[in-house]
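Q: Can you keep this structure in mind? I'll have questions shortly.
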Amino acid sequence: MRRTLHTSVVTVIVWALVLSLSGISYFVQRYRSCETSIRGIVAKSVSDVPENFYRPSRQALTRLDRLYYGCQSECVKGYRLRYNQTKSRYDYSRKANISVCSVPKAGSTLFTLVLLALEVPEGTDIETIFQMKRSLVHAQSGRYLRKAYRQSVPARNVLVTRDPYRRLFSAYVDKQMLRLPTHDVNSSKLICGNYVTFDRFLSHILSKGFRGGYLDRHVAPIALLCEPCDTRYEFVAKQETLTEDITFLLENVTVVPKRTRELILRVLHGEVNARTLIGVIDTLVQRALDTCSNILDYISSLWTVFKIQGIIRYDIVFPREYLEQLPTVDVSVVTSVVKQAIAFHPLTIEDRNKQRRHALVTAYAGVSSHTIRGIQDMYFKDFVLFDYDIQPPL
């Protein structure tokens, strides 16, 4: 026990010393060297594919080649984190013969809904599946989808990735600002307590990871969750292009009944349904009402999150004084004020994206360079294998 503790302390000290001495340029320079090498090989590999070839097909080939040659390169050798520091999970659709590595905060809920839509009995209203409360999604997936903690079924394996910086910020919003429960924090304290700063949240993850501790699936590197260099994936999707990727997958990679495919794609390409937002509010606020003594503090945090997500315009003030005057504040009241804010001050897609980007850049502007170096180290394989910029958002 003493020796293990001593080893852990030494590991932390060495990690801190290396980061402080090397400077941010070490990881950036190492990444650029890998990027130049791998990108050149991939470009040569797909050079025989005509430029006018169906773009999603060319993109799919490029991503697979990037993953394959990245895994073969020396760039990702010597990665210090181990697979047993987190828990993998695969969702399998028997009808479509698709096995998806479930990556929280990378479109995993949407992908689960798509797989559910493929599995449910014929005649089921597909739209109602996509309007399910968050709390019901995983319960229903357990009913219809086969789950495994290692890739163990002969299927077309699908991997979904996301920019590490965006994924970590999204996890922070969920686990701290929305107080969604996590495996190592008391859920009631999370729902009502004050959330920590983003930098401290990140520092805790990095310290835990480099000590060899267990990493929550919402923040564990995808390279650990999905073992991309040890599993044969046939399709790589990205959260940033998820609707487009799912469309391509359903139309070209799987055998799906035409009617089912058309219904799913109609929902995916439609506008965000108001009932979906209502379902989110209902789940979050009801949990807080059952736990919190001051519900307005929680609703204020929820209001801020909706601004970060580009749902409510950034300059719309939270109506605390109005809510304080009401005899009771319940789910219907919160839903009403949110819907009014959206209706009276609508955002264009461009405005929504700008607002989200601004929130992301602002968040990382408050993160120390020491923490940024830690992110670049821990998520290095994700940056390299999945073609994401290692520099923080600016």
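Q: Counting only Cα, what are the radius of gyration and maximum Cα-Cα distance Dmax of the range 55-128, in Å?
A: Cα-based Rg and Dmax for the range 55-128 come out at 16.7, 51 Å.
Q: When the distances between all Cα atoms of the range 272-394 are binned every 10 Å from zero, what whole-number percent does each bin get?
A: 11, 34, 27, 22, 6, 0
Q: Of the cross-linked pairs LYS238/LYS307; LYS87/LYS238; LYS175/LYS208; LYS175/LYS307, which ones have a Cα-Cα span greater than 19 Å in the structure shown?
A: Details: LYS238/LYS307 24 Å; LYS87/LYS238 21 Å; LYS175/LYS208 16 Å; LYS175/LYS307 17 Å.
Listed pairs above 19 Å: LYS238/LYS307; LYS87/LYS238.
Q: Using the count of nearby Cβ atoms within 10 Å as a rough guide to exposure, how do ILE38, ILE246 rank from fewest to most? Don't skip to the end; give the middle numbers.
A: Numbers: ILE38 24, ILE246 20.
Final ranking by Cβ density, sparse to dense: ILE246, ILE38.
Q: Just the projected area, averaged over all directions, of the convex hull on the alpha carbon atoms of the range 202-337: how many nm²?
A: Numbers: hull surface 51.2 nm².
Taking a quarter of the hull surface, the average projection is 12.8 nm².
Q: I've got another one for you. Could you list HIS218, HIS269 in order of exposure, starting from the residue whose Cβ has the fewest other Cβ atoms within 10 Å?
A: HIS269, HIS218
Q: Residues with amide H under 5 Å of LEU215's amide H, sequence separation 5 or more or different chain, H placed in the peptide plane at 1.01 Å from N; which?
A: Answer set, sorted by chain and number: THR86.
Q: Of TYR165, TYR388, TYR26, TYR379, how do they rank once you tally other Cβ atoms within 10 Å and put the fewest first?
A: On the way: TYR165 24, TYR388 20, TYR26 15, TYR379 28.
Ranking TYR165, TYR388, TYR26, TYR379 by Cβ neighbours within 10 Å, fewest first, gives TYR26, TYR388, TYR165, TYR379.
Each value in this text was obtained by applying a stated rule to the coordinates, not by laboratory testing. Note that the structure is predicted; figures quoted are calculated from it, not measured. FYI the Cβ positions are ideal-geometry reconstructions off the backbone, even for glycines, and counts take in every protein chain you see.
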